[in-house]
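Q: Have a look at this one before I ask anything.
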Amino acid sequence: MGKTLAEKVWDAHVVRRAEGEPDLLYIDLHLIHEVTSPQAFDGLRATGRSVRRPELTLATEDHNVPTLDIDKPIADPISRAQVEALRANCAEFGVPIRPLGDADQGIVHVVGPQLGLTQPGMTVVCGDSHTSTHGAFGALAFGIGTSEVEHVLATQTLPLKPFKTMAINVEGELPAGVTAKDLILAIIAQIGTGGGQGYVLEYRGPAIEALSMEQRMTICNMSIEAGARAGMIAPDETTFDYLRGKERAPEDFDAAVAYWRTLTTDPDAAFDADVTIDAAALSPFVTWGTNPGQGLPLSASVPSPEDFEDPSERAAAQKALQYMGLEAGMALKDITVDTVFLGSCTNGRIEDLRAAAEILQGRKVADSVTMLVVPGSVKVRLQAQEEGLDKVFEAAGAQWRNAGCSMCLAMNPDKLRPQERSASTSNRNFEGRQGPGGRTHLVSPQVAAATAVVGRLAAPSDLVEV
Amino acid sequence: MDKFTTHTGVAAPLRHSNVDTDQIIPAEYLKRITRTGYEDALFSAWRQDPEFVLNHPVHATASVLVAGPDFGTGSSREHAVWALNDYGFRVVVSSRFADIFRGNAGKGGLVTAEVDQEVVEQLWDLLDAQPGLEVTVDLQDRQIRAGDLVADFTIDEYVRWRLLEGLDDIGITLQHGDAIAAFERDRPEFLPTTA
């Protein structure tokens, strides 16, 4: 019997296999950032260990960094200490770093792909759950904890139990105005936040093949929100075209492509589970609750807890409505927002900014709304400026910021105030995620832009022509 | 790491599903660069509510947490495990754990005992009827004992062995240095480097 894509990549990285033990897997690329690495470096120091392959490791500063006044020292002393700890650790252990102010600084999951470091068939890890993003290239990429960060630093390997595999077949074509973000939110709503638990998801089918690399990254990024460790998409011409000419792309590109072409699921391979989604039936999607599975088409109304048969889901819905300050039955499009956040490793790439700018061109952000535009990396920011997108955002009344994770998780000064409500292109609508007491609705960049104009959750199709 | 064989302690019922790691420890506390001292951070938002289960004096010494399905979803932050440990928890019982959290727990010596949701409900009812009840979690026999209730739990066999022996993963892997070096000699040359 043939192998799935995930199994091929797994098998190509087994350093050691023994009965009753996890496989020891080799790691091709280890990305690190300031939040989940300091204790790992402390562990190395305490045991007198070194970093085995610093040249397969790359650090960047993203979670804590401010998006204003980046030429000044970081104002928050605790954030500053953490960023400085990363710089000191990288210097001590010889790990390459792209610090604040560097042309390649940015969110770790935006930086890796834009440098061409993420390539098909690789194993990629990072102390960050959204490492699943890199699966868009046909890499096996997953988030790890700090003990595992230490393990990879010391050994360039991880002991792991094989994952199960799940095919997410996306049939048909996405209708005009429906984005990769809407698709992944709909997938999560269908399979649930625990639906992918224990699985590597492989997104397949015509609607996936039609997506750009950046859209594929949006899809794979949120695999973790479905409970999966990783999401993958088989590499194809779109992947090769994206990588060609990138700084770290293989010198012998053709030889690499010849190998990459073998990285598809064999026709006779079997998945442990299968899910099918009809792309043509989808429309813009938005979350109403406090976990990413609590989502609905934007045209729907806030559900009632009684709508849920499962007692856990019913209790969760009850609690979510209370936290979100919503009444069952109200139209989602009647929900007013205070803040719109465009950015994050989910939707902070150039295509996301272009899509939002296209909608904001010639329009104004509503007076009641504050809109933050935070590019995923310095490169994305510079590219956007070259295209004049910054001028479009500023003319519309949005704030044009510097690169980082920003309001996705509110570790820097960009936070919601208690009870403040956002439409956010990020990935998590957990209680307090964007600031204590803040309320988050997850949306696509297009819905974010339209919402900023209207002041209520809105799709681009709700806007009057300009 | 200390060996874990069996543990008996006060259990607290956390009647929530989808307890994500942002709830276990909000991002604000992740700015610290230490590995300990996170007891104040555990469930810090929920602990503002005087009615929250851990604020009940009977649960002051709780060391077993009994929660609904999808415990530990979301962010990979190992701080969630450190915060539970620092607060005094040795075991979390749930009907389903998120993968990364479960992996982190195994590294940090925190036992994740997976049982059917039916057993979780029985434990919740028991703990509501007898607040402060002590529960025994026996890793050797993979069994939870509370009052008259006896239930088997599941945990990854390799993780269980490591916890029982108190072994450090990195030390185990470094014994296979030759295999790692051999693998490295055969890696394709076109693979990228960061330097």
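Q: Using Cα pairs closer than 8 Å and at least 6 residues apart in sequence, work out the relative contact order for chain B, in percent. Walk me through the numbers on the way to the answer.
A: On the way: 347 pairs, mean separation 49.8, N = 195.
Relative contact order, chain B: 26 percent.
Q: Spelling out what I want: for every residue of region B:111-124, take phi, set θ = phi - 60°, compute 6.51 cos²θ - 1.76 cosθ + 1.60 (Karplus), and round to whole Hz; glycine and proline get x.
A: Here the 3J(HN,Hα) series is 7, 9, 9, 9, 10, 5, 4, 4, 5, 4, 4, 4, 5, 4 Hz.
Q: In addition: May I ask which of A:K8/A:K246; A:K364/A:K391; A:K246/A:K379 have a Cα-Cα span longer than 19 Å here?
A: Numbers: A:K8/A:K246 25 Å; A:K364/A:K391 13 Å; A:K246/A:K379 13 Å.
Over 19 Å Cα-Cα: A:K8/A:K246.
Q: Tally Lys/Arg at +1 and Asp/Glu at -1 over every other residue whose Cβ is under 13 Å from the Cβ of B:G108; what's the total? Could you put the intermediate results ahead of the total?
A: Working: positive: B:R35, B:R77, B:R90, B:R102, B:K107, B:R162; negative: A:E148, A:E150, B:D2, B:E78, B:D86, B:D168, B:D169.
Around B:G108, the charge tally is -1.
Q: Quick query: amide H of A:G295 versus all other amide H atoms, modeled in the peptide plane; which residues come in under 5 Å with a sequence gap of 5 or more or a different chain?
A: Distant-sequence amide H within range of A:G295: A:W288.
Q: Project the alpha carbons of the protein assembly as shown onto their principal axes and report the range along each, largest first, in whole Å.
A: Result for the protein assembly as shown: principal-axis Cα extents of 70, 61, 55 Å.
Q: Something else now. With a Förster radius of 25 Å, plug the Cβ-Cβ distance of A:E465 and A:S283 into 1/(1 + (r/R0)^6) and report the FRET value to the nearest 0.05.
A: On the way: r = 20 Å, r/R0 = 0.81.
The formula returns an efficiency of 0.80 here.
Q: Could you tell me the calculated FRET efficiency between B:N55 and B:E157, based on Cβ-Cβ distance and R0 = 35 angstrom, to the nearest 0.05? If you can, show how the numbers build up before the last one.
A: Working: r = 37 Å, r/R0 = 1.05.
Working from the Cβ atoms, E equals 0.40.
Q: To make sure I understand the rule: partners must be lysines, Cα under 23 Å from the Cα of B:K31, and not fewer than 8 residues away in the same chain. Which ones qualify?
A: Reachable lysines: A:K72, A:K415, B:K107.
Q: How high is the relative contact order of region B:93-195, in percent, counting Cα pairs under 8 Å that sit 6 or more residues apart?
A: Details: 74 pairs, mean separation 20.4, N = 103.
Once divided by the residue count of region B:93-195, the mean separation gives 20 percent.
Q: Which percentage, to the nearest 5, of the DSSP beta bridges contained in the protein assembly as shown is antiparallel? Provide the component values of the computation, followed by the final result.
A: On the way: 25 of 77 bridges.
Percentage antiparallel, nearest 5: 30.
Q: I'm checking a number: the convex hull volume of the Cα atoms of region A:54-195, normalised per residue, in Å³. What is it? All intermediate terms of the calculation are to be shown ahead of the outcome.
A: On the way: hull volume 24.4 nm³, N = 142.
Measuring per residue, one finds 172 Å³ for the Cα hull of region A:54-195.
Q: If r is the Cβ-Cβ distance from A:A46 to A:R261 and R0 is 56 Å, what FRET efficiency results, to the nearest 0.05? Intermediate results must be reported in sequence, preceding the final value.
A: Numbers: r = 45 Å, r/R0 = 0.81.
It comes out at approximately 0.80.
Q: Using the Karplus equation 6.51 cos²θ - 1.76 cosθ + 1.60 (θ = phi - 60°), what ³J(HN,Hα) coupling, rounded to whole Hz, does each residue of region A:227-242 give in order, writing x for Gly and Pro?
A: Along region A:227-242, the couplings run x, 7, 6, 8, x, 9, 9, 5, x, 8, 4, 4, 5, 5, 4, 5 Hz.
Q: Given an 8 Å cut-off on Cα distances and at least 6 residues of separation, report the relative contact order of chain A as a percent.
A: The value is 17 percent.
Q: Under a crude label model (7 Å from the Cα following the beta-carbon direction), how far is A:D274 from B:H7 in nanometres?
A: Taking the two extended label points, one gets 4.3 nm.
Since every read-out is calculated from the coordinates, none of them should be taken as a lab result. From a predicted model like this one, the values you see are computed outputs, not experimental measurements. When we count neighbours, we look across all protein chains shown, and the Cβ atoms used for this are built from the backbone with ideal geometry, even at glycine.
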